[in-house]
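Notes for the one structure printed next.
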Amino acid sequence: MDTTTRPTTLVESPYLRSLLAGALAGTTVDTSLFPLDTLKTRLQSSAGFWAAGGFRGIYKGIGSAAAGSAPGAALFFVTYEGVKAQFADPRRPGAHVLAASLGEVAACAVRVPTEVVKQRAQAGQYPSSRAALGGILGLAKTEGLRRVWAELYRGWGVTVMREVPFTVIQFPLWERMKGWAAARRGGTDATAMESAVFGSVSGGVAAAATTPLDVLKTRLMLATTKESAVSVTRRIWREEGPRAFFSGLGPRTMWISIGGAVFLGSYQWASNTMGGSI
């Protein structure tokens with residue numbers, strides 16, 4: 001008789017594990033680090049840091065972040081793990097690149113409207129997330145539903161342009177470091193602490209590299225009229241110079257480094273606790 005004690009699997013479905021662990025990770029990181037995100041948004045605002053609110057009201061917009069965190073992160077990880085599972089060897093870097101890219105496109109369906117509402121509250125254009133959302137939805141009466149849709153998805157293209165390169169850098173690096181640590185210990189899974197440390201390193205590298213795209217995304221989302229990414233890029237370069245594309249570099253890198261630890265550490269912990277194998 002085999003008397004070996006086996007760990008209890010709390011959630012059998014790998015997709016449900018990914019959904020629940022992703023929802024937990026997204027909510028945890030977005031709400032706990034929200035003030036740093038606010039400061040980054042205000043530094044990138046064309047109105048200037050102090051005009052956008054400075055250090056006042058750093059929790060403005062948190063309602064939108066809280067509402068969108070769980071479904072956005074859950075969509076990402078369900079897609080990410082699902083695509084990886086289709087590969088004969090899901091540990092190959094190509095699997096991670098494709099899975100992360102498709103995961104980000106799926107998550108942006110929730111993330112972009114959330115970001116638009118959140119950043120307009122953060123930058124002081126509205127007193128709260130509810131007011132920002134109300135202002136956008138109110139356009140239906142005067143300009144129709146197409147305008148509402150266009151406003152909610154303002155900056156969709158540049159957000160995807162930012163997120164895909166970000167994850168193409170972060171996730172293969174994170175997976176490679178996790179695999180190295182697990183092999184060094186002779187195990188198969190990384191611990192939550194290992195995942196947190198590697199998430200911080202990979203997130204910081206990816207954040208610094210994609211800051212110019214983040215600045216462009218913020219400017220497009222805060223614009224009061226619809227503009228193309230090309231025209232905004234030209235105006236920033238002409239009026240503010242190349243240094244403007246690295247506005248908020250410090251807070252963004254710090255926020256995402258800490259966020260990478262919280263996000264990927266909590267995801268690993270939740271998945272391991274439920275009996276998953278990442």
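A short reminder: the numbers here are calculations on the coordinates, not readings from a lab. Values in this document were obtained by computation on a predicted structure and should not be read as measured data. Cβ sites come from the backbone with ideal geometry, for glycine too, and all protein chains shown count toward neighbours.
Computed quantities for the displayed model
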{"item": "Sole exception among (1) under 29 Å from Val197 (Cα atoms); (2) in contact (Cβ under 8 Å) with a residue 40 or more places away in the chain for Ala106, by number", "result": "(2)"}
{"item": "Checklist (1) under 25 Å from Leu39 (Cα atoms); (2) in contact (Cβ under 8 Å) with a residue 12 or more places away in the chain applied to Pro172, failing item", "result": "(1)"}
{"item": "Within the range 53-89, considering residues that are among the aromatic types (Phe, Trp, Tyr) and closer than 19 Å to Asp30 by Cβ, the one surrounded by the most Cβ atoms within 10 Å (Cβ to Cβ)", "result": "Phe76"}
{"item": "Residue under evaluation Ala182, criteria (1) surrounded by 24 or more Cβ atoms within 10 Å (Cβ to Cβ); (2) hydrophobic (A, V, I, L, M, F, W, C); (3) out of contact with any helix residue (DSSP H, G or I) (no Cβ under 7 Å at 6 or more places or on another chain), criterion not met", "result": "(1)"}
{"item": "Condition met for Ala74 (under 23 Å from Arg42 (Cα atoms), in a helix (DSSP H, G or I) and of a type outside the set (Asp, Glu))", "result": "no"}
{"item": "Residue list for the range 137-173, filter: among the hydroxyl-bearing types (Ser, Thr, Tyr) and either farther than 20 Å from Ala206 by Cα or in contact with a Phe, Trp or Tyr (Cβ under 6 Å, 6 or more places away or on another chain) (or both)", "result": "Thr142, Tyr153"}
{"item": "Any hit, the range 65-88, residues being farther than 25 Å from Arg176 by Cα and either among the hydroxyl-bearing types (Ser, Thr, Tyr) or touching a strand residue (DSSP E or B) at 6+ places or on another chain (Cβ under 6 Å) (or both)", "result": "yes"}
